[in-house]
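Comments concern the structure below.
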Amino acid sequence: MINAMKTAFLLGLLTILIVAVGGYFGGRSGAALALALAAGMNFFSYWFSDKMVLAATGARPISREEAPRLYSIVERLCARSSLPMPRLYMVPERAPNAFATGRNPDHAAVAVTQGILELLNDEEMEGVLAHELSHVKNRDILISSVAATLAGAVMFLANMAKWTAIFGGMGDRRDSNRDNSFMGLLVAAIVAPVAAMLIQMAVSRSREYQADATGAELAGHPYGLARALEKLDQQSKRVPMLAAGGPTTSHLFIVKPFSAVTLMNLFSTHPPIPERIRRLLGRP
C-alpha cells in the first residue's frame, strides 16, 4: 500500500513538473500539450518501465543451459518464499552486481552481471538472489522501475533545456522574451537533475536494509549475503560499471555501480556496505 502511494506520488510529481514547464513556455496550449505528454509518460512508466530498464542496462534473457546454477538457486528460493519464477537476465558487464525489476511478482525479472556469476560461490550467490527476490516479495520493484524511468525522462528534459538554452540564447540579448526564455531554460537545466536524484532517493536506503533482512530470512542465514556484500563492495570499486543504464538506474542495483564524487555523494542511493553488514550480523 505504501509503495503504491509512493508510485502515485512520483507519477503525480512528474506530471506537475512537466505541466508547469509547458505552461511557463507555452501558456495554456503549452500546458495542455505537456499534460498529454505527461499522461503518455505515466502510462509507459507504469506498464513498460521494466522493459525500459532491461533495455537501458543491456540485459538479455539467459537460458537454463547457459546458467544452470543461477536457475537452480532461484527456483529453490522461489519455492521457499512461494513466489512465481521470475524471468532471468544477464548484463554483459565485468562489474559484479544484480537487480530486480517488474510490475509485480507475476511480472518480475532478476538480472545479474557476468562478473557476479564469476565472483561469488553458491552460498554468496544465494544471499544476493534472496535479496533481489525480497524486493519482489516486498513489492519494491514497481516503484524502483518507475523511478528509474522518471529519472531518465527528467534527465532527458534537462539535456533538451540545456542545449536549447545554449543555442537558443545566443541571439539578440536586447530581446527581453529571449532573455526570459534563456533564464527559464537555464533554471530547468539546473533543477531537473536534482529532481531526478530526489526521485531516486525516495526509493532507496531504507528498502535496502529491509531487503537485506528479508533476504537473510529467505536464505536461512545472513552469512552468505554479508560475505557477498563485502566482496561486491571491494570488486565494484576496482571494476566499475561501464554502461548499464547510467546513474538513472543506479538505485536498482544491490551495490552502488558507479563511483560518486563531490556533491553526488550527498545523493547516494545506497546505504554504506559496512552498516548493511553490521545490521545483518549484529556486529561489524
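The values are calculated or read from the model by the stated rules, or taken from the named source; none is laboratory data. Nothing here was measured: the structure is a model prediction, and the numbers come from that model. Quick reminder, even Gly has a Cβ in these numbers, built from the backbone with ideal geometry, and neighbours come from all protein chains shown.
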Could you list, in sequence order, the residues of region 217-231 that are farther than 14 Å from Glu132 by Cα and out of contact with any helix residue (DSSP H, G or I) (no Cβ under 7 Å at 6 or more places or on another chain)?
Gly220, His221, Tyr223
Across region 108-130, what is the number of residues that are crowded, with 21+ Cβ neighbours inside 10 Å and charged (D, E, K, R)?
2
Can you say whether Leu17 is over 18 Å from Ala130 (Cα atoms) and in a helix (DSSP H, G or I), as far as the supplied structure shows?
yes
Name the residue, out of Leu83, Leu88, Leu54, that is crowded, with 20+ Cβ neighbours inside 10 Å, within 30 Å of His221 (Cβ to Cβ) and in contact (Cβ under 8 Å) with a residue 12 or more places away in the chain.
Leu88
Looking at Arg94, Arg87 in this structure, which one is among the basic types (Lys, Arg) and modelled with pLDDT of 95 or more?
Arg87
What number of residues in region 241-276 are loosely packed, with under 15 Cβ neighbours inside 10 Å and at pLDDT 75 or above?
3
Do you know which of the residues in region 40-51 that are surrounded by fewer than 20 Cβ atoms within 10 Å (Cβ to Cβ) and in contact with a helix residue (DSSP H, G or I) (Cβ under 7 Å, 6 or more places away or on another chain) is farthest from Glu124 (Cα to Cα)?
Met41
